[in-house]
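The values are calculated or read from the model by the stated rules, or taken from the named source; none is laboratory data. Model, not experiment: these values are computed from the prediction. Note that each Cβ is placed from the backbone with ideal geometry, even for glycine, and that neighbours are counted across all protein chains shown. These area figures cover heavy atoms from the full protein model, side chains too; ligands, DNA and RNA do not enter into them. Shrake-Rupley method; radii C 1.70, N 1.55, O 1.52, S 1.80 Å.
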Amino acid sequence: MYYCWKGLHERARSARAQVAVTEAAEAAVAKEKSVVVNAKSILASKVTPYVLIIHTGTNNPAMDKIEKWEDGRMSFIVNPQTPKASPLFHVKELFSANRESHIRVSRYLPEYVGVPDQLKISVESNKLEIIKEALYIREITILYKHKFYRFPVNDYLFPHNPLLMDPQDVYDGCPPYVISKCGKGTFLAKETDPAVLAARLKELELRRKHLDWAPNNGPHVIPGYTKQVIYDKLPRFLKFKNARQKAFQLNLKRGHNMMKRTVIENKISVVFGKDTPEHFKSLKEFETLFVEQAEDHEYDLGMVDDVLSVMKYWKTDEEFTRQELAGINPARIYKITSMPDTWKDMPDMPEHVLGQGVSLQEELEAGRIYMIDTNMLEVVGDGGILMPILTGFALPMIVSLGDCLYYHDRTDKLRPVAIRLEYKNGGEAPTFWFPPKVSDPETSHEYLSWLQAKLYFRSSNMQIHAILTHFVRAHAVVEVFAIAMYRCLPKQHPLHKLIQPHLMGVIPINVQGREFLTKSTGVMAALMASGDKLWHLADVFMKQFRYEHLLHPADVKRVSFGADRVR
């Protein structure tokens, strides 16, 4: 009886245990299902996917070898310093440093973040990184609920110590972080967000600290420019991309080597008593020498082919005029209605120049005569005292004045009809030169004299172009606006967005120009007849320069060339 009862009790207990296990298993399954349902619910309602497209690098210029930035990682906060601010999150990738490229990453952020309106961007360095490079960020694009939101940056960020949660230090002129606002720019006075306003004011403070005006311009009447005179000491946001700078240094070194070789050869010739320039016996001899020089100095083959091609027809008046209007200095031609005093001693123009029965006075009154003058060269001496040192050549260069008269004939062609040359530094009277007759052979005195006059005029006009039209007007004058832009307009300002792509390289290239090219012992002084007195040209130019000269339609009407086509 005892054993029977004991057996029944064991079976009952086993049954209760089995029921308990079953209930526990069912409860576990139910709980697991509940967890899965809750997880799916959280994923569906509590977080939202954000896709970030991070644009870095630049194609100005592109390099053959692709370089990757791997000195750290990028950090982001969406809608910073607002109730909708996202948690800090990081992206570590191999970002492109010298070519335009992008990285696409996805992150899940809390749903309350909502529409991305602002974006805080910073760069953290690797903990053991000693030598670090700034990263150029062009733009961050966020894809949120099938819509794109663009956050332009166009700036360098320097990797900061990751132990600093809110970096404030500035390295190499790079801001510690950037707060970019989505969409179009806003005027500073209309910015309502306190966080964005504070960031923009801090950006201007940083820019003004690292970009100041030169204290004075010395004796030369040149527009204001940055006080930093050495390119390597410019803040990073003003320097060129590494690829551009490497190309500049390579070309500068190549140019210096070519100049040194020429100087040494000239000094040797002086020592041995051959301190006079060699004369070419023919233009064909000059062409042969050019090819030899091109091979010795490894000129670009495409450029050599272009030069040899132009040599076939460069002597014609048609090509001379085309190069003047489409070449180095097309903006200096202007219409005249009477002959200037400098031309009062011009002899009567040969009848074949304008055509039979055509009067110069009548064509002046009809508005068909144009001129290019180089009167500003009156203040420039012959090469300056440094020319023998710079070039190794004992004789001074000759700076001659050259004016060219053009005729817009009845067949709608523009052609040169007279050239005035004057060596004023030598006290010589002006000389006047006219085109030869069509029947004159290329070996005739008339043909070769006219060709030489065109060469002298082109040389004079090149002096004006190099220092005035090019450096002063196209570089130095524009630098004033570039400095004002960086000092007065934060990156989110509409005007900054509009003009920054056009002015971004003006300041660094001008600093390089003043450092290597235009100073009194620079490259231009060694290669040009005006030598170390180039800045005297700038003085004369700026004294007569006016703001309205920068307005192209008004400038065209002022010189009256093609004014009837300006709207």
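Checking the structure you have, find out if any residue of the stretch 183-200 is at pLDDT 85 or above and either among the hydrophobic types (A, V, I, L, M, F, W, C) or in contact with a helix residue (DSSP H, G or I) (Cβ under 6 Å, 6 or more places away or on another chain) (or both). No, that holds for no residue. So in the stretch 458-477, with the set limited to residues that are open to solvent by 20 Å² or more (accessible area, probe 1.4 Å) and more than 20 Å from Val399 (Cβ to Cβ), which one is farthest from the chain's Cα centre (by Cα)? Ranking the qualifying residues of the stretch 458-477, first place goes to Arg473. Residues in the stretch 423-452 that are open to solvent by less than 80 Å² (accessible area, probe 1.4 Å), touching a strand residue (DSSP E or B) at 6+ places or on another chain (Cβ under 7 Å) and either part of a helix (DSSP H, G or I) or free of Cβ contacts under 8 Å to residues at least 24 places away in the same chain (or both): Thr431, Ser449, Trp450. The requirement of being at pLDDT 85 or above, part of a helix (DSSP H, G or I) and either under 19 Å from the mean Cα position of the chain (by Cα) or over 17 Å from Asn154 (Cα atoms) (or both) is not satisfied by Leu534. Among residues of the stretch 197-208 that are among the acidic types (Asp, Glu), those with a Cβ under 7 angstrom from a residue that is open to solvent by less than 60 Å² (accessible area, probe 1.4 Å), sequence gap 6+ or separate chain, pair up as Glu203/Pro175; Glu203/Pro490; Glu203/Lys491.
Does Asn329 qualify as being in contact with a Ser or Thr (Cβ under 9 Å, 6 or more places away or on another chain), over 27 Å from Asn257 (Cα atoms), open to solvent by less than 70 Å² (accessible area, probe 1.4 Å) and free of Cβ contacts under 8 Å to residues at least 40 places away in the same chain? So that I can check it myself, show each step before the final result.
Details: in contact with a Ser or Thr (Cβ under 9 Å, 6 or more places away or on another chain): yes; over 27 Å from Asn257 (Cα atoms): yes; open to solvent by less than 70 Å² (accessible area, probe 1.4 Å): yes; free of Cβ contacts under 8 Å to residues at least 40 places away in the same chain: no.
When the stated conditions are applied, Asn329 does not pass them.
Cβ-Cβ contacts under 7 Å between residues 6 or more apart (or on different chains), taken from a first residue in the stretch 287-312 that is loosely packed, with under 10 Cβ neighbours inside 10 Å to a second residue that is in a helix (DSSP H, G or I) and of a type outside the set (D, E, K, R), are absent.
Identify, by number, the condition in (1) open to solvent by 50 Å² or more (accessible area, probe 1.4 Å); (2) of a type outside the set (D, E, K, R); (3) over 21 Å from Arg410 (Cα atoms); (4) touching a Leu at 6+ places or on another chain (Cβ under 9 Å) that Ser338 doesn't meet. For Ser338, the failing item is (3).
What do you reckon, is Leu455 part of a helix (DSSP H, G or I), open to solvent by 70 Å² or more (accessible area, probe 1.4 Å) and among the aliphatic types (A, V, I, L, M)? So Leu455 fits the description; yes. Selection over the stretch 279-302 of residues that are under 17 Å from Thr262 (Cβ atoms) and part of a helix (DSSP H, G or I) gives a count of 9.
Out of the residues in the stretch 365-398 that are open to solvent by less than 10 Å² (accessible area, probe 1.4 Å), on the phi < 0 side of the Ramachandran plot and not in a helix (DSSP H, G or I), state the one that is modelled with the lowest pLDDT. If you could, list the steps in order and put the result at the bottom.
Let us first name the residues in the stretch 365-398 that are open to solvent by less than 10 Å² (accessible area, probe 1.4 Å), namely 369, 371-372, 374, 377, 380, 383, 387, 392.
Keeping just the survivors that are on the phi < 0 side of the Ramachandran plot gives 369, 371-372, 374, 377, 380, 387.
Right, trim to not in a helix (DSSP H, G or I) and you get 369, 371-372, 374, 380.
Working: Ile369: 94, Met371: 94, Ile372: 93, Thr374: 89, Val380: 78.
Here the answer is Val380.
Leu517 meets all of the listed conditions (1) at pLDDT 90 or above; (2) open to solvent by 20 Å² or more (accessible area, probe 1.4 Å) but one, namely (1). Of all the listed residues (Glu362, Glu319), the sole one being farther than 30 Å from Trp535 by Cα, within 31 Å of the chain's Cα centre (by Cα), free of Cβ contacts under 8 Å to residues at least 60 places away in the same chain and assigned to a helix (DSSP H, G or I) is Glu319. Pairs meeting the criteria (first residue in the stretch 227-238 and farther than 11 Å from Asn510 by Cβ, second residue in a loop (DSSP other than H, G, I, E, B) and aliphatic (A, V, I, L, M), beta carbons under 6 Å, at least 6 apart or on different chains) are Lys227/Ala214; Arg236/Ala134.
Which of the residues belonging to the stretch 87-105 are charged (D, E, K, R), free of Cβ contacts under 8 Å to residues at least 40 places away in the same chain and either open to solvent by 80 Å² or more (accessible area, probe 1.4 Å) or under 16 Å from Tyr50 (Cα atoms) (or both)?
Taking the stretch 87-105 first, the residues charged (D, E, K, R) are 92-93, 99-100, 104.
In the following step, the residues that additionally are free of Cβ contacts under 8 Å to residues at least 40 places away in the same chain were identified as 92-93.
Residue satisfying the conditions is Lys92 alone.
Among the residues of the stretch 478-515, how many are among the hydrophobic types (A, V, I, L, M, F, W, C), within 17 Å of the chain's Cα centre (by Cα) and outside any helix (DSSP H, G or I)? Adding up the residues that qualify gives 1.
Matching residues to (1) farther than 19 Å from Val178 by Cβ; (2) outside any strand (DSSP E or B); (3) modelled with pLDDT under 90; (4) not polar (S, T, N, Q):
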site: Phe76; (1), (2), (3), (4): no, no, no, yes
site: Gln81; (1), (2), (3), (4): no, yes, yes, no
site: His90; (1), (2), (3), (4): no, no, no, yes
site: Glu93; (1), (2), (3), (4): no, yes, yes, yes
site: Arg99; (1), (2), (3), (4): yes, yes, yes, yes
site: Ile103; (1), (2), (3), (4): no, no, no, yes
site: Ser106; (1), (2), (3), (4): yes, no, no, no
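Lys132 meets all of the listed conditions (1) modelled with pLDDT of 80 or more; (2) within 15 Å of Phe95 (Cβ to Cβ) but one, namely (1).
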